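For reference, the structure discussed in these notes is given below.
The values are calculated or read from the model by the stated rules, or taken from the named source; none is laboratory data. All values reported here derive from a predicted model rather than from experimental measurement. Note that we place each Cβ from the backbone using ideal geometry, even for glycine, and neighbour counts take in every protein chain shown. Heads up: the accessible areas ignore ligands, DNA and RNA and are worked out on the full protein's heavy atoms, side chains in. Shrake-Rupley method; radii C 1.70, N 1.55, O 1.52, S 1.80 Å.
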Amino acid sequence: MSIKIRAGVALIAIAVSFSGVVATTPPVHAQGLLDALFKSPAQRKREKVAREQARQEVQAPVAKPVARISGPSYRTYKPDTLVSVDFGKIADPVVTGGIDDMGLAPLGIDPFAEGRPALADLSVKALPDAANAVVDYYSAHPDYIWVAGTAVTDRARAVIDVLNAAAAVGLDADDYKVDVPADAFDVTQGTERQKELMAFEMKLSVAVADYMLDATRGRVDPKRISGYHDFKRKSPDLAKQLEALAKAEDPAEALLAQNPQGAHFEALKAELTRLQALDDVERIEIAEDVLLKPGQSNPELANVMAAIAMKGSDALKVDHALVLASYAGKPEYDNEIADLVKGFQKEAGLKPDGVVGPATRRALVGITNSDKIEKVRLAMERSRWLPGVLAAKRVFINQPAFTATYIEGGKSELSMRVVVGSRSNQTYFFDDQIELVEFNPYWGVPQSIIINEMLPKLRADPSYLDRLGYEVTANGRAVSSSAVNWNQVGKGSGIGVRQPPSDGNALGELKILFPNSHAIYMHDTPSKSFFQRDARALSHGCVRLQDPRGMAAKVLGTSVAEIGSHIASGQNKQVNLTTTIPVHVAYFTAWPDDNGTVEYFADVYNRDAYLRKAIDATEAARTS
């Protein structure tokens with residue numbers, strides 16, 4: 001009697017696949033399993049050794065190269081190009097609409113019509129929007145704004161005074177220069193006088209339109225500097241604004257009002273005026289890369305001591321008079337000198353640890369008046385990217401100051417330290433609306449962190465995320481971290497990672513959301529020690545709050561105790577604001593406090609230099 005066993009082509013396989021990134025086990029033939037049952041132990045042992053050797057000889061799969069995800073770059077700025085105003089497009093009412101029912105032109109002398117021939121030879125350049133606005137305005141309103149009879153009006157002269165004072169609001173008066181015709185003229189040359197006045201009228205209106213555009217939105221388009229700036233450039237209706245200016249009781253005041261309005265801009269204007277009246281102050285130079293700790297030796301110590309002697313208070317110098325008097329230029333940083341440095345740091349509002357690093361260096365060196373003037377002018381330009389009038393209730397985050405402030409009724413009600421993005425993970429500059437607060441939040445890990453930071457670890461240890469308790473998805477389906485073939489994961493692989501609510505969650509107890517394309521929001525953090533640092537550019541781009549419960553209570557209009565009860569539930573939940581609140585994730589190296597005193601901050605991301613280059617390119621384009 002014989003028994004035949006047929007294996008056929010049946011396969012035993014265990015496989016799960018999502019876009020080729022989840023690991024699979026190879027199929028096994030059923031016949032091979034049956035053959036193994038009838039082999040001797042020695043034969044099976046020999047084959048096992050051979051298989052192990054073969055396995056070791058097989059080359060491991062080549063891992064897919066890791067293409068890092070990087071942030072935006074800074075670009076060479078391309079300024080707006082001035083265009084020639086096409087005055088020939090200004091409609092002639094005699095031709096287009098000024099004919100009466102009998103087909104006759106209006107009777108009488110029209111000064112504007114008399115000066116119209118001057119337009120044929122007039123060459124004036126303007127910003128494109130301004131050029132179009134002037135043509136549109138005069139086509140609809142063929143009459144003088146700045147001329148009456150044969151003379152320039154006082155209204156025109158007042159407006160010219162505003163243009164000439166453009167530097168007081170951070171603009172360049174040379175961009176709006178207009179020569180005024182002489183009062184005296186040959187009365188026998190009436191037509192020539194009207195041509196001269198027509199040229200003046202158009203030049204002044206072009207200058208006014210250019211000024212209104214610059215004052216409203218700034219001379220620089222921030223998006224052309226870098227993708228780290230996210231602002232839709234303002235597009236004011238200049239033709240309507242020219243019409244409003246023509247009708248205004250005080251056109252000079254109306255023109256000046258095109259600049260940002262509010263206490264912040266008035267404070268910047270006042271500070272600029274104050275600084276321009278001062279002489280530059282002497283300062284001691286200290287190497288920018290200095291890092292000096294007690295017990296070390298560094299020749300820069302001599303400059304540190306000189307700066308303290310110049311910048312320190314009288315009280316500090318009395319308390320440490322012996323140390324200052326006996327110092328003879330030695331490079332050794334001993335404990336007595338460290339105590340002096342700590343005293344200076346305490347006076348400067350810095351952490352008194354005796355370490356001379358970037359923050360202490362800035363306090364010792366200070367900045368000159370010319371440096372401050374530059375920062376104020378750049379702050380004025382950046383102010384124009386914000387709304388012309390800031391909302392009475394808002395949240396203002398100033399990245400260089402490392403602060404977030406809740407403002408209501410135009411006054412600060414809560415201000416706190418924050419941690420912002422590092423130099424390699426910069427926080428963006430943009431406006432948005434706060435919509436909700438999420439308690440006990442999930443942290444959806446950004447793709448940049450998955451690819452740039454987690455992936456190298458996961459290729460060496462696929463179960464890394466499983467052990468940490470993170471949730472992994474492949475094309476939206478939950479999988480274990482160890483089931484993913486991380487060697488094949490890259491940008492766009494469909495892999496998602498998130499961290500559930502927990503004591504160790506990267507977002508802490510809550511996050512405050514203003515949904516945006518940059519995945520930036522305010523949140524709590526378990527890393528509280530970072531708030532003790534003076535320089536706090538340490539995050540991946542989001543804004544970590546020192547007092548998240550306080551900020552959440554303010555934006556929700558409730559108490560800190562109520563916020564605590566939401567957190568204590570341990571449940572992930574979202575609470576929407578009854579009314580959205582504007583939030584400005586801003587970047588100002590000069591900005592006034594509540595009292596109007598302008599404070600100055602280090603240029604964390606070197607954006608001042610890029611903005612200065614953009615302004616320089618703009619000025620060069622306008623003078624070419």
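Here are some notes:
- Scan of segment 173-193 for residues that are in contact with a helix residue (DSSP H, G or I) (Cβ under 6 Å, 6 or more places away or on another chain) and modelled with pLDDT of 90 or more, ordered by number: 173, 175, 176, 178, 181
- Residue that is nearest to residue 520 (Cα to Cα), among those in segment 454-480 that are of a type in the set (A, V, I, L, M) and part of a helix (DSSP H, G or I): 454
- Residue 283 vs. criteria surrounded by 13 or more Cβ atoms within 10 Å (Cβ to Cβ) and free of Cβ contacts under 8 Å to residues at least 12 places away in the same chain: no
- Residue in segment 148-166 that is over 30 Å from residue 611 (Cβ atoms), open to solvent by less than 60 Å² (accessible area, probe 1.4 Å) and assigned to a loop (DSSP other than H, G, I, E, B) present: yes
- For segment 519-538, the set of residues classified as part of a loop (DSSP other than H, G, I, E, B), under 26 Å from residue 572 (Cα atoms) and open to solvent by 40 Å² or more (accessible area, probe 1.4 Å) consists of 519, 526, 527, listed by residue number.
Yes/no matrix, rows are residues, columns are (1) aliphatic (A, V, I, L, M); (2) open to solvent by 50 Å² or more (accessible area, probe 1.4 Å); (3) in a loop (DSSP other than H, G, I, E, B):
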{"position": "401", "(1), (2), (3)": "yes, no, yes"}
{"position": "438", "(1), (2), (3)": "no, no, no"}
{"position": "452", "(1), (2), (3)": "no, no, no"}
{"position": "482", "(1), (2), (3)": "no, yes, no"}
{"position": "492", "(1), (2), (3)": "no, yes, yes"}
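- Residue count for segment 465-480, restricted to those that are under 30 Å from residue 548 (Cα atoms) and open to solvent by 50 Å² or more (accessible area, probe 1.4 Å): 4.
- Figure legend. Inter-residue proximity from segment 459-479: first residues closer than 16 Å to residue 443 by Cβ, second residues part of a loop (DSSP other than H, G, I, E, B) and among the hydroxyl-bearing types (Ser, Thr, Tyr), beta-carbon distance below 8 Å, spacing 6+ or different chains. Indicated pairs: 469/502; 472/480.
- Tally, over segment 114-123, of residues that are of a type outside the set (D, E, K, R) and surrounded by fewer than 19 Cβ atoms within 10 Å (Cβ to Cβ): 4
- In segment 241-341, counting only helices (runs of 4 or more DSSP H) that sit wholly within it, the ones holding 1 or more residues that are in contact with a helix residue (DSSP H, G or I) (Cβ under 7 Å, 6 or more places away or on another chain), hydrophobic (A, V, I, L, M, F, W, C) and farther than 30 Å from residue 209 by Cα span 301-311, 314-319, 321-326.
- Pairs linking a residue in segment 421-447 that is touching a residue at least 40 places away in the same chain (Cβ under 8 Å) to a residue that is among the basic types (Lys, Arg) and buried (at least 20 other Cβ atoms within 10 Å of the Cβ), with Cβ atoms under 7 Å and 6 or more positions apart or on different chains, are 438/511; 441/511.
- Lone qualifier among 158, 168, 140 - being in contact with a helix residue (DSSP H, G or I) (Cβ under 6 Å, 6 or more places away or on another chain) and touching a residue at least 40 places away in the same chain (Cβ under 8 Å): 158
- Screening the candidates 598, 560, 543 for the property of being modelled with pLDDT of 95 or more and under 30 Å from residue 172 (Cα atoms) yields one hit, 598.
- For residue 139, the criteria (1) open to solvent by 30 Å² or more (accessible area, probe 1.4 Å); (2) in a helix (DSSP H, G or I); (3) within 30 Å of residue 265 (Cα to Cα) hold in every case but one, which is (3).
- Pairs meeting the criteria (first residue in segment 186-203 and small (Gly, Ala, Ser), second residue crowded, with 18+ Cβ neighbours inside 10 Å and assigned to a helix (DSSP H, G or I), beta carbons under 7 Å, at least 6 apart or on different chains) are 199/118.
- Test result for residue 385, under 26 Å from residue 504 (Cα atoms), buried (at least 21 other Cβ atoms within 10 Å of the Cβ), in contact with a helix residue (DSSP H, G or I) (Cβ under 8 Å, 6 or more places away or on another chain) and of a type in the set (Phe, Trp, Tyr): no
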